[in-house]
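Engineer: Sharing a structure here in structure tokens format.
Nothing in this text is a laboratory measurement; each read-out follows from the coordinates by a stated rule. For clarity, every value in this text was computed on a predicted model and none was experimentally measured. Note that each Cβ is placed from the backbone with ideal geometry, even for glycine, and that neighbours are counted across all protein chains shown.
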């Protein structure tokens, strides 16, 4: 197998993707991204090109250095991948890195979220560094041409406003007639002054919120060779709002589908809805689960607390099995969690909240994680959710990257 | 969880008692592997088992599957009604296609046992 010389620009070439062994989910990175690679055993660094991604592996071209063992691949200062590398294709400097961890801002994930990657990748196109590096003539005509180039980027067509500025002799002046609000320009000036104090030579990217809190701008500053810099200020307010709306709509679709498929037994909840739901009951018992040995203690404590509520023995065992399954999941997929019992006598039901601070369940994984038996990567039957659905009257689920809250509900005998 | 084992003429019987959960699941699978590996058939007596979950039964499931694939005989007997219901919901019995008997006579002697 060879790596096509035009790769990754040749659409029909899939050699680099096949080596990722990720089925049809692998995708090329167009254009390729420069990344910094640090071999963790030696802490030696080198440059490589990221040319293919999947949820579980990435493909790097590294002509200058062979890549082996565990390494950190830095896509950006807040976007790093840790994994193990090996030669992907013999005779070609192409390496496949199996993903162990993805460090994205404050999150640590076990796989690469392709949608987020592409969003990040496209946003990267907004960086005017490449366009501005060779900027010699600091006139408005040049600014117009740069703006014209930037406007070709597809993502910019969705952005309402982009303002370009030139920083020269301590002053900022707009390129063209449009300019941002004065308070935004003031913040921009302050940030650029701070960057100037720290020293030139670095591109700067900051987010600016307008004084009234209603607008958000991404500011990209690119140093130019002659101690000036070019600034692109992009109003991303609408884009952020649209993204939030899109995610909310997607969440609502999943919520509706899961509700219909389970005949209303499994309901997705927002954190706010969950808060109000729990206020309906009285907190009766709370326990932390940190290791498998805690599960037996949990079952005994919850049995003692639930027995007086009048559940018949078999029903009580079934509900305990469900609670135990949820508690076991916090150990399988994280480092444990907190299990809390709420009793709502007025409503004739009890609810058990299983809260873990793991990585959460990805929205796209929810149907399989909750409905498909055997969907598990650990040494179990992968039937935990199936058992919960069978043995509970209703299940509420709220899952984010900060953790998962699962509420198991059982009716109490009247 | 406790267990006791007997072996006679290539036939092993494993008696389990207690709660089969994540904490002991792997050990139960290892015991089945150990006795199944050196006998033609293994009977797993569940009379003393008062609790099972998907994590606890997982290792037993995969070990049973391996033993069956290698031509060994495996059966689970003396399963309490409520435990049988959990095994059924877990899909354990259906997936393996083995005999799972309800509770009857048990050979478990609480005085002769080892702890897992």
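Engineer: Could you compute the FRET efficiency for residue A:173 and residue A:401, with r as their C-beta to C-beta distance and R0 at 35 Å, rounded to 0.05?
Structural biologist: With R0 = 35 Å, the Cβ-Cβ based efficiency is 0.25.
Engineer: If you restrict to DSSP beta bridges whose two residues both lie in segment A:247-411, what percentage is antiparallel, to the nearest 5?
Structural biologist: 90
Engineer: Further question: Hey, got the average number of other protein chain Cβ atoms within 10 angstrom for residues in A:299-305?
Structural biologist: For peptide A:299-305, the averaged partner shielding equals 1.
Engineer: In Å and on Cα atoms, what radius of gyration and Dmax does segment B:2-106 show?
Structural biologist: My reading of the Cα-based Rg and Dmax gives 12.2, 35 Å.
Engineer: For segment A:15-113, I need the span (max minus min coordinate) of the C-alpha atoms along each principal axis, in Å, sorted largest to smallest.
Structural biologist: Each principal axis gives a Cα extent; for segment A:15-113 these are 36, 32, 23 Å.
Engineer: Want the number for residue A:115 to residue A:244: 0.36 nm per residue separation, take away the alpha-carbon distance, what's left?
Structural biologist: Here the segment from residue A:115 to residue A:244 would lengthen by 45.0 nm.
Engineer: Would you mind giving the mean number of other chain beta-carbons within 10 Å of the Cβ of each residue in B:57-64, as a whole number?
Structural biologist: Per-residue shielding by partner chains comes out at 3.
Engineer: If you take each beta carbon of peptide B:83-90 and count the beta carbons of other chains within 10 angstrom, what is the mean?
Structural biologist: Shielding by partners across B:83-90 averages 4.
Engineer: Based on other C-beta atoms within 10 Å, arrange B:2, B:21 from fewest to most.
Structural biologist: Taking fewest neighbouring Cβ atoms as first place, the list is B:2, B:21.
Engineer: How big is D for segment A:247-411, in µm² s⁻¹ as a whole number, if Stokes-Einstein is applied with the Kirkwood radius of its Cα pairs at 4 °C and 1.567 mPa s?
Structural biologist: 81
Engineer: Hey, another quick one. So for the pair residue A:12, residue A:106, with labels modelled 7 Å out along Cα→Cβ, what separation do we get in nm?
Structural biologist: Result for the modelled spin labels: 5.0 nm.
Engineer: Could you sort A:282-289, A:403-410 so that the peptide with the highest average Cβ count within 10 Å comes first and the rest follow in order?
Structural biologist: Per-residue Cβ counts within 10 Å, averaged per peptide and sorted highest first, yield A:403-410, A:282-289.
Engineer: Quick one: if you stick a label point 7 Å off each Cα along the C-beta vector at residue A:212 and residue B:81, how many nm between them?
Structural biologist: According to this spin-label approximation, the distance is 7.1 nm.
Engineer: To continue, here is another question. Between residue A:193 and residue A:363, what is the FRET efficiency for a Förster distance of 35 Å, r being their Cβ-Cβ separation, to the nearest 0.05?
Structural biologist: So, using R0 = 35 Å, E works out to roughly 0.25.
Engineer: Same structure again: Each label point is 7 Å from the Cα along the Cα-to-Cβ direction; what then is the distance between the points at residue A:372 and residue A:186, in nm?
Structural biologist: My value for the distance between the label points is 5.5 nm.
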